[in-house]
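Read the structure below first, then the notes.
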Amino acid sequence: MADGTNPAADARARAFSMPLEDINLTDVALWSSHTILPYFERLRAEDPVHYHPAGQHRDGAYWSVTRFNDIVVVDTNHEAFSSEPSITLDDPSDVVLPMFIAMDPPKHDAQRKVVSPIVSPHNLHEMEPLIRSRIQKTLDELPIGEAFDWVDKVSVELTGQMLATLFDFPFEDRRKLTYWSDVSVAEPPDGVLVEEHMAFFNQVMGECVEYFTRLWNERVNAPPRGDLISMMAHGESTKNMSPEEFLGNLILLIVGGNDTTRNTMSGSILALDRNPDERAKLYANPGLIPSMVSETIRWQTPLSYMRRTATRDFELEGKTIRAGEKVAMWYLSGNRDETVIERPNDYWIDRPNVRHHLSFGFGIHRCVGNRLAELQLKILWEEILARFPEINVVEEPTRVPNSFIHGYSEMKVVIPRRF
Amino acid sequence: MAKITYIQHSGAEDTIDVAPGLSVMEGAVKNNVPGIDADCGGAAACATCHVYVDESWLERTGARTTMEEAMLEFAEAVEPNSRLACQIKVSDVLNGLVVRLPENQH
């Protein structure tokens, strides 16, 4: 019974008792209160391809696909399920930002290939010492014995540094990258009109494009170099992009490299704090770090979903998705699918088939930076294990009120001592 | 059973008896042959079971599927004899097959 003494049980009872048609997965309150998972559990069991009528999400009706294998079907069928015009449930309004994640072949293929060499095995190998030295410095400067915000001091800091390096962006201005990324995906705050929010969004994105245009102009007039802006400025398929397309691809690369890795870094701290047995296992055997990294990426699922738009009628689980309708592939739900993943709600750092998760997506839009993300997480934990016997989360973390970005805005921790 | 030889980038070799009906990827994963990640579990959707098929076997292993072709577009160090091992079905015809692994699954 919902008597208020067990909030998790109350949330689950609510999720299982309300009429199916009232389930609203884009209600940000369910995300900020971390009560979303039972709704997915119910939909997987009772209505795995579920229609949300207009009136829930601000841009209208959509389908939710919640089982692992159904998500793979949609994700790998890029002819029936287009990534255009947007990979979130928001429809492009007056500001259309084309980006290759939201394009279909052949344009997607050509633009992706321009930037993908930055995360080639060779480049990652070259970058590893720099990533490691920065992580070492950041960890060495953390306070001991006093509470601080891990999100700000570590997760945001390290991902901001990484992005600045990839873009060869002025290092002292790196927090601007984080800010632009945050604004580009933020939901309109409560009490703020959508129009007002859009005006603010346009203003901030204008600053972003102005800054990057300056860098572009420098790079386009200089010989080609290994940073993302130079690569795009000299790439055959990208050098004649419109300003909107330039901004779109910048936002894609900034968000892609920012929120995702940031929230997985924070998630790793939370998961190991909540699971002391797994933490003990990791400290006893640092060889488990790569497996723990994959498990954290599954457990956290830093992007909750990707949207597709049906190009033709498509049958799935007995439902007919009509041409033109929107589909949300809920990676977070697929990664908790008990029919595919053993004990899916457990954080289990050496689980079998640990890499078999949906967080990077499957098919031609699979995350281009996945190996860089894994590398950053791996080095972070190698360096943590060399320094700190424990990192304790001392308050319930604050979660981002967003159905697309699954992460934390604040996580207070204490590191009691060094080794 | 078909004997399949997996040659690592380092040169180390594993020769495994693989049951007909399995894929070349499953033959490796089930026998703990390193170097094949197979993140997607066999859906030709991640390109982490990339192998090079020994030239003399190319005809018998057949042509790439459409999805496989699309995924190999974005893989690293792709050659004309590159395949996704999950898309090569093992049968008696492939007894003796030799595949080489890339330096990285990327």
*Compute the Rg to Rh ratio over chain A from the alpha carbon atoms, using the Kirkwood formula for Rh, and round to two decimal places.*
0.95
*Evaluate peptide A:359-369: per residue, the Cβ atoms of other protein chains within 10 Å of its Cβ; return the mean as an integer.*
4
*What lysines sit close enough to residue A:412 to cross-link, taking a C-alpha to C-alpha distance under 29 Å and skipping anything fewer than 8 places away on the same chain?*
A:137, A:153, A:176, A:281, A:378
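As an exercise, use a Förster radius of 51 Å and the Cβ-Cβ distance of residue B:77 and residue A:45 to find the FRET efficiency, rounded to the nearest 0.05. Write down the numbers at each step before the final one.
Working: r = 43 Å, r/R0 = 0.85.
Calculated transfer efficiency: 0.75.
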*Estimated FRET transfer efficiency when R0 is 30 angstrom, pair residue A:317-residue A:274 (beta carbons, to 0.05)*: 0.35
_Separation of the residue A:390 and residue A:179 label points, Cα + 7 Å toward Cβ, nm_ = 3.9
*Say the dipole of region A:94-195 comes from +1 at the beta carbon of Lys and Arg and -1 at that of Asp and Glu; which of A:97, A:178, A:124 then lies farthest toward its positive end?*
A:124
_Eligible lysines near residue A:113 by straight Cα distance, threshold 24 Å, same-chain separation 8 or greater_ = A:239
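Arranged from highest to lowest average of other beta-carbon atoms within 10 Å per residue, in what order do the peptides A:117-129, A:67-79 appear?
On the way: A:117-129: 15.2, A:67-79: 20.3.
Per-residue mean Cβ counts within 10 Å order the peptides as A:67-79, A:117-129.
For the interface of B with A, what's the total buried accessible surface in square angstrom, probe 1.4 angstrom, rounded to the nearest hundred?
On the way: alone 5550 and 17670 Å², together 21710 Å².
Heavy-atom accessible area buried at this interface is about 1500 Å².
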*In region B:2-100, carbon and sulfur make up what percent of the accessible area (probe 1.4 Å)?*
47
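Once neighbouring chains are kept in place and the probe is 1.4 Å, which whole percent of the accessible area of region A:319-395 is contributed by carbon and sulfur? Can you show the working numbers first?
Working: 1160 of 2460 Å².
Carbon and sulfur atoms account for 47 percent of the accessible area of region A:319-395.
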*Hey, what's chain A come to in accessible area per residue, 1.4 Å probe, Å²?*
40
*Tell me, what is the 1.4 Å probe accessible area of residue A:279, in Å² to the nearest 10?*
40
*What are the residues whose amide H is under 5 Å from the amide H of residue A:306, where those residues sit 5 or more places off or on another chain and H is modelled from the backbone?*
A:329, A:331
*Within region A:206-248, which residues have the backbone N less than 14 Å from the label spot 7 Å out from residue A:120 along Cα→beta-carbon, could you tell me?*
A:225-228, A:231
*Take peptide A:21-32, look around each residue's Cβ out to 10 angstrom, count Cβ atoms belonging to other protein chains, and average those counts.*
0
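Take every residue in peptide B:33-44, count the Cβ atoms of other chains within 10 Å of its Cβ, and give the average of those counts. Walk me through the numbers on the way to the answer.
Numbers: counts 0, 0, 0, 0, 3, 3, 11, 12, 8, 1, 7, 3.
Average neighbour count from other chains, rounded to a whole number: 4.
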*May I ask you to order A:285-297, A:257-269 by the average number of other C-beta atoms within 10 Å around their residues, highest value first?*
A:257-269, A:285-297
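Roll a 1.4 Å probe over the protein chains and send me the accessible area per residue for chain B in Å². Each step should come with its number before you reach the end.
Working: 4770 Å² over 106 residues.
It amounts to 45 Å² per residue over chain B.
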*Calculate, in nm to one decimal, what residue A:186 and residue A:283 gain on full extension: separation in residues at 0.36 nm each, minus their alpha carbon distance.*
31.3 nm
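Could you work out what % of the accessible surface of region A:31-107 is carbon and sulfur, using a 1.4 angstrom probe and leaving DNA, RNA and ligands out of the count? Numbers along the way, then the final one.
Details: 1540 of 2900 Å².
Carbon plus sulfur share of accessible area: 53 percent.
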_Contour excess over end-to-end distance, with Cα ends at residue A:136 and residue A:59 and 0.36 nm allotted per residue_ = 23.3 nm
_Pairwise FRET efficiency - residue A:240 versus residue A:210, Cβ, R0 = 25 Å, nearest 0.05_ = 0.80
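The values are calculated or read from the model by the stated rules, or taken from the named source; none is laboratory data. Values in this document were obtained by computation on a predicted structure and should not be read as measured data. Here Cβ is always computed from backbone atoms with ideal geometry, including for glycine, and neighbour counts include all displayed protein chains. Ligands, DNA and RNA are stripped out before the accessible areas are found, and what is left, the full protein with its side chains, is counted by its heavy atoms. Shrake-Rupley method; radii C 1.70, N 1.55, O 1.52, S 1.80 Å.
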